[in-house]
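What follows is a single structure, written as C-alpha cells, with notes after it.
What follows draws every value from the coordinates through simple rules; no lab data is involved. Bear in mind that the values here come from a model prediction, so they are computed numbers and not experimental data.
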Amino acid sequence: MSDSTARTKPEPDRPNPGSKTPARGDAGSRGRTTIADGVVEKIAGLAARDVVGVHALGTGFSRTFGAVRDRVPGSAKSVTRGVKAEVGETQTALDLDLVVDYGVSIVDVANAVRENVIAAVERMTGLEVVEVNIAIGDVKLPDEEDDEDEREQRVQ
C-alpha cells in the first residue's frame with residue numbers, strides 16, 4: 001500500500017466528505033451541551049411548588065421584592081425565587097428556601113420536595129443532582145394573610 005493511498009482513505013469513525021451516510025458512533029460524543037443555572041432553577045422551582053404543603057419559595061425579603069417586581073407591567077412571576085443552582089459539566093447542587101403550610105410535617109414536605117426536584121432535574125437535564133439543601137424560613141398560619149395580598153390592599 002503506498003503512502004498516498006493511506007492518506008486518502010477516510011478514518012473509520014468519521015464520515016466520508018461528500019457522503020450522505022451518517023458517521024458511526026455515539027451522537028452525544030459529537031458536541032457539547034451546556035445548561036444554564038437559570039434553567040435548572042426554573043425546573044427545580046416548578047417541581048418544588050408541586051409538592052403539597054409548600055406555600056411559597058423564597059426568604060421574606062425575596063418574596064417582598066418579588067411581589068413588588070410582579071406588579072410592574074410586563075413582568076412575569078418569577079419561578080426561580082427561592083432557588084439557587086450551581087451547575088457543573090455533569091452535576092448540579094441546589095439550595096431552596098421554603099415557606100410551608102401550618103400543620104404539615106416539615107420533614108415529610110422537605111423529603112417530598114427533595115425527591116420531586118431531583119427526579120425532575122435529572123429527567124429533564126441529564127445532570128446528576130448531588131445535593132438539594134432545603135431551608136424552611138417560615139410557616140404560613142391559616143389565619144395569616146399572604147404578604148402579597150396585604151401589600152395589595154395597602155397600595156390601593
Largest to smallest principal axis extent of the C-alpha atoms in the stretch 94-139, angstrom: 35, 15, 13
So who's got an amide H within less than 5 Å of the one on H55, skipping anything under 5 residues away but keeping other chains? H placed 1.01 Å off N, in plane. V99, V100, D101
